[in-house]
1. Considering each of SER153, SER135 in turn, give the residue that is modelled with pLDDT of 55 or more, farther than 21 Å from GLY190 by Cα and loosely packed, with under 11 Cβ neighbours inside 10 Å.
2. Considering only residues that are closer than 17 Å to LEU82 by Cα and touching a Lys or Arg at 6+ places or on another chain (Cβ under 7 Å), look in the range 184-213 and name the one that is surrounded by the fewest Cβ atoms within 10 Å (Cβ to Cβ).
3. Exactly one of these conditions fails for GLY113: (1) surrounded by fewer than 13 Cβ atoms within 10 Å (Cβ to Cβ); (2) farther than 17 Å from ARG180 by Cβ; (3) free of Cβ contacts under 8 Å to residues at least 40 places away in the same chain. Give me its number.
4. Given (1) modelled with pLDDT of 50 or more; (2) over 23 Å from HIS128 (Cβ atoms); (3) surrounded by fewer than 18 Cβ atoms within 10 Å (Cβ to Cβ), identify the lone condition not met by ALA171.
5. Taking TYR72, is it under 15 Å from the mean Cα position of the chain (by Cα) and closer than 18 Å to PHE183 by Cα?
Amino acid sequence: MTLQGTDLSKLCDPTIGPCGEPPGSILVSPCVTEAKQRQAVPFPSKDTTGKADADLVARCLAGDVDAFETIYQQHAARIYTLACRMAGSPDDGEDLLQEIFLQAHRKLGGFKGDASLGTWLYRLALNHCLDFVRSRRAKMGRLTDTLDADGASEPIAPRETPIARLDLERALEQLPEGCRQAFVLHDVEGFDHKEVAGLLGIAEGTSKSQVFKARGKLRALLK
């Protein structure tokens, strides 16, 4: 008896395997065999990455627009995320991103290859973001002094209203500037408190306090 071309007598015969092989045989899928025969693809070495970075920079310095576009495509997302978090808004983050890459284009001649191009760009971006934050802080300080001198009683910025189900990025925007900066550098970017203190020009204890406050505020906002 057969069913759609299959001999059912063989299916009931204990001396024949399910695919017609002798009993005790082990079937190996052709896909498994092929996978075993494939050789692992090696990860790019540091030397390979360094050479690729050097080639891209050399092409940029020679006026190759496509080379700089490649650099932008490879690193813009990470730098934009950093800029948004440090500035506290997507609009400011977008402006900072453009400024950072303009600055990078001007300074590419100073890239020596001691670190990867990504690390070099990140350091440049972080310094630019910190300059922006310091400049804004100074402007706000002058504005506050002026308002105090005029006897103004209204707050500089409107009060925030609670927003349900904030995601982390939106919650970060609600943090006070000092708390946000310390939190981003320490908990997001991975700097230790001593490094954060040096970057922001504050005491190490202040960095710890700001991060602690930021975590508490974020927990409350994300509930």
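The values are calculated or read from the model by the stated rules, or taken from the named source; none is laboratory data. Because the structure is a prediction, the values reported are computed rather than measured. Reconstructed Cβ throughout: ideal geometry from the backbone, glycine too, with neighbour counts over all protein chains shown.
1. Details: SER153 fails: modelled with pLDDT of 55 or more.
Sole residue among the options that is modelled with pLDDT of 55 or more, farther than 21 Å from GLY190 by Cα and loosely packed, with under 11 Cβ neighbours inside 10 Å: SER135.
2. Here the answer is VAL188.
3. Checking GLY113 against (1) surrounded by fewer than 13 Cβ atoms within 10 Å (Cβ to Cβ); (2) farther than 17 Å from ARG180 by Cβ; (3) free of Cβ contacts under 8 Å to residues at least 40 places away in the same chain, the one that fails is (3).
4. (3) is the only condition that ALA171 fails.
5. Values: under 15 Å from the mean Cα position of the chain (by Cα): yes; closer than 18 Å to PHE183 by Cα: no.
No; evaluated as a whole, the condition is false for this residue.
So that you can scan it fast, the table gives a plain yes or no per residue for (1) in the same structural domain as LEU121 (by TED's automatic domain parsing); (2) surrounded by 19 or more Cβ atoms within 10 Å (Cβ to Cβ); (3) among the aromatic types (Phe, Trp, Tyr); (4) on the phi > 0 side of the Ramachandran plot:
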site: ALA54; (1), (2), (3), (4): no, no, no, no
site: GLY63; (1), (2), (3), (4): no, no, no, yes
site: GLN73; (1), (2), (3), (4): no, no, no, no
site: CYS84; (1), (2), (3), (4): no, yes, no, no
site: GLU94; (1), (2), (3), (4): yes, no, no, no
